[in-house]
Each structure stands twice: as C-alpha cells, then as structure tokens.
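Just so it is clear, none of the values below were taken in a lab; they were calculated from the coordinates. In this text, all values refer to a predicted model and were calculated from it rather than measured experimentally. Neighbour counts are summed over all protein chains in view; Cβ atoms, including those assigned to glycine, are modelled from backbone coordinates with ideal geometry.
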Amino acid sequence: MQQVTINEVGLRDGLQMHRTLVPVEDKLRLAGSLVEAGLRAMEATSFVSPKAVPQMADAAELMAGLPGTEDVEYSVLVPNQKGLARAVAAGAQAVNLVLSATDTMNEKNIGMSLSKTRETCVATVREARAKGLQANAYIAVAFDCPYEGRVEPQVVAELADEMLEAGAGRVIIADTIGAADPVRVRSLFKVLLNRNAPEIFACHFHDTRAFALCNVWESLQAGVTRFDSSVGGLGGCPFSPGASGNLATEDLVLFLHQCGYETGVSLESLLKSVELAKEITGRDLGGRSMAYLNANRAVKTRPAPNGCDDTG
Ligand code: COA
Ligand code: ZN
C-alpha cells in the first residue's frame, strides 16, 4: 500500500488566528494527543513577531515541551533571519519559509514586497542550510490571491525554482484561500513537474469551497504524497480574507484510508484529538465527515444486540 505523509498544522496555522491565548500546557496536550494518534509530521509553532501573532509568543517554551518521540518530524515557521535565530536557539531542526506569490499578499502578511520577501527567504533558507537545518518553502496564494486575483502556474514555478536553488528541500503549494479546483491543480503540476520530481512537493489545501479532497486526489495523481491538514479543520490565515477552513485531518485520513493509502494515523485516536482541540479552543470543530465519523463511532461502542458482535 502506498504511504502518504500527513503534516499536522493545527498547532500553528490552526491556532494562530484564535483570539484567546491558549496556554502552552494545552498546546502540548494537543501535540501529545496527535502524536499518540500516529501523526509523524507536525508544524508545531512559528517564530514570528509576537506583536503580529500574539498566540505564537510562547514558541520557545512550546518547543522545549514537545513530545520527544524521535520519529516525529517537527517543523516551525520563520518569516526571516531573526525568526531563524530564535528557532535555532529553541532547538528546531526544520524551518518553513512563507513566500506569497503576489506583492499585496506579502505586504499584508509580512510587510514586504514580493521581491524583498524573495530576498529574505533566499537568505534565510541559505543560512538555515548552512546551520545544518532542513528548510522548506511554502508558496502561499498559489492559485488565487484575495487581493490580486488569479496566480499563473508559471509564477509559482519560478518561485519554487528559486527556493529549491537556494537549498529548500521541499516546496509546499498552499491554496491559502481555498480557491483551487482539480483542473487548476492539474495545470499547475503540469508546469511544476516539467522541472522537478513530485517528491519535492507537498500540498496545503483549504476546504473553503469543499474541494480540498478533490484537490488532494488530483495531487496524488500527479505523484504528490505529502499533505498538510489541521485537526478538526482548525484555523486559517489572519492576514488573508477568506482563508477559513483548513482541510480537516480526520477528513483527509478517512479519505486516504478508504482509497487504500496508508497514513499511520488511527482515526479513532484522532477523534480524541478533535475533542481535545474543541475543549482547549472552546470552538465547535470537526471536518465535513464528522457526523458520519461520530455515528460510526457510536455504532462501534454500542453493545451488540443478541450477543452478535458484527456491527456492520
Ligand atoms: N520574531 C520576533 N520578533 C521579530 C521577528 C521575529 N521573527 N522579526 C522581526 N521581529 C521584531 C523586530 O525585532 C522588531 O522589534 P522591535 O519593535 O522591538 O524593534 C519588530 O519585530 C518589527 O520588526 P520589522 O523588521 O520592522 O518588521 P515588521 O514590523 O514589518 O514585521 C514580521 C515583520 C515579518 C516580523 C511580522 O510581520 C511577522 O512576524 N509576521 C508574521 C505573519 C505570520 O505569522 N503569518 C502567518 C503565515 S500565513
Ligand atoms: Zn492553512
């Protein structure tokens, strides 16, 4: 069976726009629960300006308390070299840079033009690699930008090349506002795979229009085997209007398992993580499959009638 890696982003992308500060102990409980559910890749936090994103001010403290399972691949988001220095001091081994495909989106997100962001990302990727860290690059608003509209595949491909040349190990195609559809995913990968192998890429889809899993499917057909998702569908980007609804991890796991892929994640344990995420955020979370999953769980835990244990 083919293995697909799920990179859980609930603790970073998921929590960054949550208004009430979540205590670090609660974030760590959630991280522990996700690891217990079998997730082996996780974006744990970001080393950004605490004024810009107060929720991430506890990044170093969080890093110090993460469950130390050796086979969990933790990464952290850094916007610049200052963030990299803080991440290195906190013991991070992999950093993620974010490069939005348009000028306005970069201005809104990190206060820099596209060309200045490119310079900063190249310098930060190079420095991270020189320090022995893995560096990955997100290309945000890779399909539509909420400010500038449609983004052409060629633009994304050029940014991806620049990041790979600087030393990025992976490029993550991010549909920040959930605007992609399978036809556009196919067109984008047609261009991207002219120059690079599919293993270099991962995808980050938002489920705003309920197309996220269609886009996952199309990416799988292109050979991509790594996807971001967020427990309970938590989160979005505070700097990008319309960026609600990360693809929920439970939807992704259910879909992949049913289609015959292996993820190493236990759906039953993952539902406990969804409950925990609800408890610590006070929000009514859950992916599109939640009603089905809950009904299925209720059937499994109900005593079998007439001594029959076949619950169908
Ligand atoms: N971590 C902590 N502090 C940082 C920092 C970092 N990575 N980068 C810059 N700073 C500090 C500076 O030292 C400066 O501090 P001071 O006011 O005490 O002197 C202050 O932030 C402003 O720095 P400046 O370089 O002028 O940047 P800015 O105010 O234009 O902010 C960013 C730029 C990138 C730091 C800020 O916009 C940011 O952190 N954005 C993150 C957005 C995000 O997380 N997006 C999520 C991706 S979807
Ligand atoms: Zn997201």
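Summary of computed values
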| read-out | value |
| --- | --- |
| Stretch gain in nm, segment residue 19-residue 266, where the contour uses 0.36 nm per residue and the Cα spacing is subtracted | 85.9 nm |
| Under Karplus coefficients 6.51, -1.76 and 1.60, residue-wise ³J(HN,Hα) of the stretch 140-146 in Hz, glycine/proline x | 7, 6, 6, 10, 10, 9, x |
| Restricting the stretch 166-256 to GluC sites (Glu not before Pro) in coil, as DSSP defines it, with at most 12 other Cβ within 10 Å | none |
| Spin-label pair residue 190/residue 278, simplified geometry with 7 Å Cα→Cβ offset, distance in nm | 4.3 |
| Per-residue HN-Hα couplings for the stretch 265-279 [Karplus 6.51, -1.76, 1.60; θ = phi - 60°; Hz; x = Gly/Pro] | 9, 8, 4, 5, 5, 4, 5, 5, 5, 4, 4, 5, 4, 5, 5 |
| For the chain, built as a Gaussian network whose Cα springs stay under 10 Å, the top-fluctuating residue of 180, 60, 202 | 60 |
| Cα centroid separation - the stretch 69-130 against the stretch 160-212, whole Å | 18 |
| Note, ³J(HN,Hα) from phi for the stretch 93-109, Karplus 6.51, -1.76, 1.60, rounded to Hz, x at Gly and Pro | 10, 9, 10, 10, 9, 10, 10, 7, 7, 10, 4, 4, 5, 5, 4, 5, 7 |
| Binned Cα-Cα distance frequencies in the stretch 1-159 - 5 Å width, integer % | 2, 9, 17, 20, 20, 16, 10, 5, 1, 0 |
| Set of lysines near residue 27 by C-alpha distance (under 19 Å), chain-local residues within fewer than 8 positions excluded | 272, 278 |
| Lys, Arg +1 and Asp, Glu -1 on Cβ, resulting dipole of the chain about Cα centre, debye, nearest 20 | 380 |
| DSSP beta bridge pairing in the chain, given as percent antiparallel to the nearest 5 | 10 |
| Residue 170 long-range amide H proximity, modeled H, under 5 Å | 137 |
| Residues with amide H under 5 Å from that of residue 15, placed H, sequence gap 5 or more | none |
| Sorted by Cβ density within 10 Å, fewest first, the residues 6, 139, 110 | 110, 6, 139 |
| Counting DSSP beta bridges with both ends in the stretch 141-232, the antiparallel % (nearest 5) | 20 |
| When the convex hull of its Cα atoms is projected in every direction, mean area for the stretch 99-155 (nm²) | 3.9 |
| Exposure proxy order (Cβ contacts within 10 Å, fewest to most) of 9, 299 | 299, 9 |
| Trypsin sites (Lys or Arg not before Pro) within the stretch 1-54, DSSP loop, no more than 12 other Cβ atoms inside 10 Å | 19, 51 |
| Residues with amide H under 5 Å from that of residue 228, placed H, sequence gap 5 or more | 7, 203, 204, 205 |
| Cα-based shape type of the stretch 5-286, given that a ≥ b ≥ c are square roots of the gyration tensor eigenvalues and the cut on a/c is 1.5 | rounded |
